[in-house]
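K.L.:
My questions all concern the structure below.
The values are calculated or read from the model by the stated rules, or taken from the named source; none is laboratory data. The model shown is predicted, which means the values in this text are computed figures rather than measured ones. Heads up, the Cβs are rebuilt from the backbone with ideal geometry, glycines too, and the neighbour counts pull from every protein chain shown. For accessibility, only protein heavy atoms count, side chains too; no ligands or nucleic acids. Shrake-Rupley method; radii C 1.70, N 1.55, O 1.52, S 1.80 Å.
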Amino acid sequence: MTDFQFKPGDFVKFRLAREELEGRVLESSDKDVVLVKLKSGYNIGIPKENILDCVVVEKFKEDKVREIVPVAAKGKPSIGLIVTGGTIASKLDSRTGGTAPLTDISEFARFYPKLFERVNVKKLSVPFMIASESMSNEHWITIAEHAKEMLNDSEIKGVIVTHGTDTLHYTAAALSFFLRDLKKPVVLTFSQRSIDRASSDAELNLDCAVTFALSDCAEVVIVGHATQNDDYCYALRGTKVRKMHTSRRDTFKPINCEPIAKVWLDKIEFISSYRARDSGLTKLDASFNDKVALLQFYPGQQPDILDYYLVQGYKGIVISMSGLGHVAVGDVKHSWASALKRVIKQGMVICAASQTIYGRLNPKVYSTGRELEELGIIYLEDMLAETAFVKLGFVLGHKNWKGLVREKMLENFVGEFNPLLTE
């Protein structure tokens, strides 16, 4: 076998028996297979024994980051920026074919120069760099702490949080509850594709996030592509939004409500009502009980799962129920009625959310719902299951609210449910 002189990261032209291929060599776990990223973006594996010849077109060079230190300029508004990881804070790693995090302010400024042209980033915080699926309530609290400090700086007009997409809507809900008496915008933004890809959504999302961070709207919102095209973004209320597609650039959609606004680089068109910017200080209320769970009901599911959570010391469960808010009851061997009655009697809080996503729960239409409501289940109207999960942890985290859990879960803190039925 010929020992070809190429290394991961090199751009190489291969001659095979019946064709020629060009691509960038990636790191491979199999010494007998060359892994190549083609110009199309697809990765293929080529057995070394099939390679007749190769030419290294371009040797890999380490990406030397030109030192860019943004300088504050008079006349530009100031914002706070919190970077937590995710694709929007990543770049392509030519040797692995994957993405690697942007590691410092210089790299961020190099990839997103428009941000620093439009505003002064008075405070930049990188509390952690982590994939959003690995986050917990402790990370939400940390982000909220950093945001509160920035929001209470009189020169900062608004705060932008860059974040991975997978659990972004959980974080948006958490910040909505944790940041009390909010006086300025808190904008979470993201990208589905890294900035060095031609189809990246990162730049438009961040540009529109800046526009909204300077707006009159003092709410926690997610700002990102409204369509598949690079035309404008939506600003979506942090408690009424959900990731609805694994890879589309317009993955986040408003649920049971309208977007707050359409956002462009240079203007905003408000669509629905919002809390206006005001003077004063934002307070932090990040009490959270992590002994809560989100459970999806499915046909034939045994109710003994409730006993597992009870034994493990959980204090509350949000059950994502079928239809208008149903689980199996009545004369069936897997009825949940007695198990729910038992765990509720022992102090566990059980809330109902809908697994249909759109629409509103109504336990009074069918006898099943009436029976479940009589057991003490709290029906959360049109609140999203993910938002309900975060809110339940928030409510149970306040020991002084003991005895008021039902009342607090049904109190509309930050627009997490619509008080009237909407179709």
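K.L.:
So F108 passes all but one of these: (1) in contact with a helix residue (DSSP H, G or I) (Cβ under 8 Å, 6 or more places away or on another chain); (2) open to solvent by 20 Å² or more (accessible area, probe 1.4 Å). Which condition number does it fail?
P.N.:
(2)
K.L.:
Out of everything in the range 120-146 that is β-branched (V, I, T) and modelled with pLDDT of 95 or more, what residue ends up being least open to solvent (accessible area, probe 1.4 Å)?
P.N.:
I143
K.L.:
Please state which one of V221, V241 is within 19 Å of T87 (Cα to Cα) and surrounded by 24 or more Cβ atoms within 10 Å (Cβ to Cβ).
P.N.:
Step by step, each of V221, V241 is checked, and only V221 is within 19 Å of T87 (Cα to Cα) and surrounded by 24 or more Cβ atoms within 10 Å (Cβ to Cβ).
Conditions (1) closer than 13 Å to V57 by Cβ; (2) free of Cβ contacts under 8 Å to residues at least 60 places away in the same chain; (3) surrounded by 13 or more Cβ atoms within 10 Å (Cβ to Cβ), marked per residue:
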residue	(1), (2), (3)
F11	yes, yes, yes
E19	no, yes, no
E22	yes, yes, yes
S28	no, yes, yes
K39	yes, yes, no
N43	no, yes, yes
I46	no, yes, yes
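K.L.:
Something else: What's the number of the only condition in (1) outside any helix (DSSP H, G or I); (2) free of Cβ contacts under 8 Å to residues at least 60 places away in the same chain that K408 fails to meet?
P.N.:
Among (1) outside any helix (DSSP H, G or I); (2) free of Cβ contacts under 8 Å to residues at least 60 places away in the same chain, the lone unmet condition for K408 is (1).
K.L.:
Any chance you could count how many residues in the range 298-327 are surrounded by fewer than 19 Cβ atoms within 10 Å (Cβ to Cβ) and under 21 Å from P363 (Cα atoms)?
P.N.:
So the count comes out to 6.
K.L.:
Can V12 be described as touching a Cys at 6+ places or on another chain (Cβ under 8 Å) and aliphatic (A, V, I, L, M)?
P.N.:
yes
K.L.:
Search the range 349-374 for residues being in contact with a Leu (Cβ under 6 Å, 6 or more places away or on another chain) and surrounded by fewer than 18 Cβ atoms within 10 Å (Cβ to Cβ), and hand back the single one that is farthest from I319 (Cα to Cα).
P.N.:
Among those residues, the one meeting the criterion is V365.
K.L.:
Here's something else I'd like to know. Can you tell me which condition I79 does not meet? The list is (1) modelled with pLDDT under 85; (2) part of a strand (DSSP E or B), and all the others hold.
P.N.:
Of everything listed in (1) modelled with pLDDT under 85; (2) part of a strand (DSSP E or B), I79 misses just condition (1).
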